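To start, the structure itself, in structure tokens.
The values are calculated or read from the model by the stated rules, or taken from the named source; none is laboratory data. All of these numbers come straight from a predicted model, not from anything done at the bench. With ideal geometry, Cβ positions are generated from the backbone for all residues, glycine too; neighbour counts draw on all protein chains shown. Please note that ligands, DNA and RNA were not included when accessible areas were found on the heavy atoms of the full protein model with its side chains. Shrake-Rupley method; radii C 1.70, N 1.55, O 1.52, S 1.80 Å.
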Amino acid sequence: MAGPIPRIAILGAGSRGRAYARALAGTQSTIIAIAEPHAFKRSTFVSNFIRGERCDPTVPGEAFASWEDLVAYETTLRSKLAAGEEVDRAPADAFIVCVLDEQHPAVVKALAPLAAHVLCEKPLAPSLGACLGMYADVVRGWKDAGREGVFGICHVLRYSPHNMLLRRLVREESVVGGVVSVEHTEPVGWWHFAHSYVRGNWRREDTSAPTLLTKSCHDIDFLLWLLATPPSDTPDAKPHLPATVTSSGTLTLHRRARKPRGAGEATNCLSCPVEPTCIHSAKKVYVERHLRGGNTGWPVSIVVPEIEDVRRSSGPEAAEQRLLEVLGEDYGPETGDEKVKGRNWFGRCVFEADNDVCDDQTVVLAWEDGEGVEEMVPAPPGSRPARQGSAPDRRTGAAGYPTSKVAGRGI
């Protein structure tokens, strides 16, 4: 007999929060609440995933302007139920944390006393100390509540069908022999890199983390899962962890020294004399490549969250004008750093931005028995696809000689 339907609250209505909400639509669960500071994103999430109509602020326990408000409400619900008092709705059984990376530790610490199930987006936290603190908070919450929940991290590449097949073939069935080495590349698309790591949320280490963590933690996790996690037929075996890890990287492309001479002193694409011929033109990327092609989703909706509503209500020309207005926003020497780093500047010249994270990095994992991995995040040229990994590797047969070279796509 089926149990009660799980009630889920999501913290963050950005791309990740909406992605998990869409995935939940096909499951035996129900989304009961959203916490999101952006009013349009919050109301749209409610209409799309909770009750099929515009957000009504008079409905209690449904939409919150901050994650703190949601956690406080859930805490009060539990206190009232314990006291036998009437409540507006049942508490959430699980929470999906999709806020900004740097907010993860505070959110998980606040949720810990509820002893509910938690699924946290990757990366878990920007530092090892914060990760250890989150672990201690969660375990303490379970102990105080007298029950344990499930805590998971969204390393979703482990669950891609092709990756599951690759692991089964390589680790469990050994169809191509023992692994000698793996070369894995994460070629982030050129405009994707500029969108997220030069102009967007993850461009600065002091407000986020290095790109190896914010972007390529998926890849590192995948490689360790593929090579270090014991096969399913020996689940009690110790993980085959690497003996050494080394890394080197630099900010290669997206810096002032690479700026075209013809751009002069321009700091925004819409006022730049070489914009018509520049591959990094924000107008080309967001307006011509995406909006005029009919795409009002990511990445255009990150620049203007209400873009689809504008196009639907006022037409494509109004939507384009609104997008250009936002892309035209810029800052100068007189603008304080707190204001600059406090938001995204999607029309900013990629050679004049305040980014400091690496755009070219190599990581080498080595095992004492000779197995090795080289994981690279190369500076993105214009010809690379948006997300495509390549894992050519050398393998040995029973006699110990290299016998095959296997390449995997989409890792």
>> Filter region 242-266 down to the residues that are among the aliphatic types (A, V, I, L, M) and under 24 Å from the mean Cα position of the chain (by Cα) and list them by number.
In response: 245, 251, 253
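Check region 276-291 and report whether any residue there is open to solvent by less than 40 Å² (accessible area, probe 1.4 Å), farther than 24 Å from residue 211 by Cα and over 29 Å from the mean Cα position of the chain (by Cα). Even if it seems obvious, please write down each step before you answer.
Of all residues in region 276-291, those open to solvent by less than 40 Å² (accessible area, probe 1.4 Å) come to 278, 280-282, 285-287, 290-291.
The next check asks that each one be farther than 24 Å from residue 211 by Cα; those that pass are 278, 287, 290-291.
Then keep just the ones that are over 29 Å from the mean Cα position of the chain (by Cα); that gives none.
For region 276-291, residues open to solvent by less than 40 Å² (accessible area, probe 1.4 Å), farther than 24 Å from residue 211 by Cα and over 29 Å from the mean Cα position of the chain (by Cα): absent.
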> Considering region 300-315 alone, what residues qualify as being over 21 Å from residue 342 (Cα atoms) and open to solvent by less than 40 Å² (accessible area, probe 1.4 Å)?
Replying inline: 307, 310, 315
> Tally time: how many residues in region 171-203 are open to solvent by 20 Å² or more (accessible area, probe 1.4 Å) and either under 24 Å from residue 104 (Cα atoms) or among the aromatic types (Phe, Trp, Tyr) (or both)?
Replying inline: 5
>> When you check residue 229 against the structure, is it more than 20 Å from residue 101 (Cβ to Cβ) and modelled with pLDDT of 95 or more, yes or no?
In response: no
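To keep it simple, each residue is scored yes or no on (1) open to solvent by 30 Å² or more (accessible area, probe 1.4 Å); (2) in contact (Cβ under 8 Å) with a residue 12 or more places away in the chain; (3) at positive phi.
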site	(1), (2), (3)
230	no, no, no
234	yes, no, no
241	yes, yes, no
270	yes, yes, no
>> Tell me the residue from 115, 145 that is more than 19 Å from residue 216 (Cα to Cα), touching an Asp or Glu at 6+ places or on another chain (Cβ under 8 Å) and open to solvent by less than 70 Å² (accessible area, probe 1.4 Å), please.
In response: 115
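Scan region 84-106 and give yes if some residue there is charged (D, E, K, R), more than 20 Å from the chain's Cα centre (by Cα) and open to solvent by less than 70 Å² (accessible area, probe 1.4 Å), otherwise no.
So in region 84-106, the residues charged (D, E, K, R) come out as 85-86, 88-89, 93, 101-102.
Still in the running and more than 20 Å from the chain's Cα centre (by Cα): 85-86, 88-89, 93.
Narrowing the set further to residues that are open to solvent by less than 70 Å² (accessible area, probe 1.4 Å) leaves 89, 93.
Yes, that holds for at least one residue.
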> Applying the selection to region 316-328, what residues are open to solvent by 30 Å² or more (accessible area, probe 1.4 Å) and either without any contact (Cβ under 8 Å) to a residue 60 or more places away in the chain or under 19 Å from residue 193 (Cβ atoms) (or both)?
Replying inline: 316, 317, 318, 320, 321, 322, 324, 325
> What's the number of the condition residue 258 fails, among (1) modelled with pLDDT of 95 or more; (2) out of contact with any Ser or Thr (no Cβ under 9 Å at 6 or more places or on another chain); (3) closer than 30 Å to residue 338 by Cβ; (4) surrounded by fewer than 19 Cβ atoms within 10 Å (Cβ to Cβ)?
Replying inline: (2)
>> Please go through (1) β-branched (Val, Ile, Thr); (2) closer than 22 Å to residue 198 by Cα; (3) not in a helix (DSSP H, G or I) for residue 302 and return the number of the only condition it doesn't satisfy.
In response: (3)
